[in-house]
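Remarks on the structure that follows.
The values are calculated or read from the model by the stated rules, or taken from the named source; none is laboratory data. What you see is a predicted model; the values in this text were computed from it and never measured. When we count neighbours, we look across all protein chains shown, and the Cβ atoms used for this are built from the backbone with ideal geometry, even at glycine.
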Amino acid sequence: MTQLILASSSPFRKALLDKLNLSYTAISPDIDETRLESETPEAYVARLAQQKAEALQAGFPAALIIGSDQTAIINGETIGKPGNHATAFQQLSDASGQKITFLTGLSLLNSHTGECETAVVPFHVHFRQLTPSMINNYLKAEQPYQCAGSFKSEGLGIALFEKLEGDDPNTLIGLPLIRLIKMLENQGVNTL
């Protein structure tokens, strides 16, 4: 089987890829993640997913390299990782009673042929009405300061939601497995 590389240091993406029972190596790519002027959120995550895969291409000339990146949008504004309690509190306050759209860019690069398949997979999260007390209790419990949107849906963050909408719940965590399986099959890798 062709070597499989996950271009990520995210423990969440690793845990998702582990579900497929495939042998792979995870390596953090070194790329500039600055958003380009007038770049749409869709173009941004697609570009970063592909650049993450391409960043490892030279070191792995006969591999399938998975790149993924995610951004969140609320009321037309892109939101990222909060980094601290105050920003996370503000993000969750803004999300209260709202719908956030998560866009996950996914690329699979065949480093031998140069073929690269890229997709942007959306997922929608409808938030409950949240009180300041609920937000503070949640932030103290999980401290999701390195998570886009200020929550971990795979943990207590599920208590923040009213409804989830999308084709693949794994997309919300950062790796759309249903789409990835199709991409891998296009490259001759079967998961079953």
Q.
If I filter the stretch 64-77 for residues that are surrounded by fewer than 15 Cβ atoms within 10 Å (Cβ to Cβ) and polar (S, T, N, Q), do I get at least one hit?
A. yes
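Yes or no, residue by residue, for (1) crowded, with 20+ Cβ neighbours inside 10 Å; (2) under 23 Å from Leu16 (Cβ atoms):
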{"residue": "Gly97", "(1), (2)": "no, no"}
{"residue": "Ile100", "(1), (2)": "yes, yes"}
{"residue": "Cys116", "(1), (2)": "no, yes"}
{"residue": "Ser133", "(1), (2)": "no, no"}
{"residue": "Glu154", "(1), (2)": "no, yes"}
{"residue": "Phe161", "(1), (2)": "no, yes"}
{"residue": "Pro169", "(1), (2)": "no, yes"}
{"residue": "Ile173", "(1), (2)": "yes, yes"}
{"residue": "Asn186", "(1), (2)": "no, yes"}
(Q) Here are the criteria: (1) in contact (Cβ under 8 Å) with a residue 40 or more places away in the chain; (2) surrounded by fewer than 21 Cβ atoms within 10 Å (Cβ to Cβ); (3) in contact with a helix residue (DSSP H, G or I) (Cβ under 8 Å, 6 or more places away or on another chain). Tell me which single one Ala88 does not satisfy. (A) (2)
**Q.** Output for the stretch 18-51, where each listed residue is surrounded by 16 or more Cβ atoms within 10 Å (Cβ to Cβ) and closer than 19 Å to Phe102 by Cα
**A.** Arg35, Pro41, Tyr44, Val45, Ala46, Arg47, Leu48, Ala49, Gln50
Q. When you look at Ile135, is it within 15 Å of Asp94 (Cβ to Cβ) and at pLDDT 95 or above, yes or no?
A. yes
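Please find, among Thr171, Thr104, Thr131, the residue that is over 30 Å from Gly59 (Cβ atoms) and of a type in the set (Ser, Thr, Tyr). If you could, list the steps in order and put the result at the bottom.
Details: Thr171 fails: over 30 Å from Gly59 (Cβ atoms); Thr104 fails: over 30 Å from Gly59 (Cβ atoms).
One residue alone meets the criteria, Thr131.
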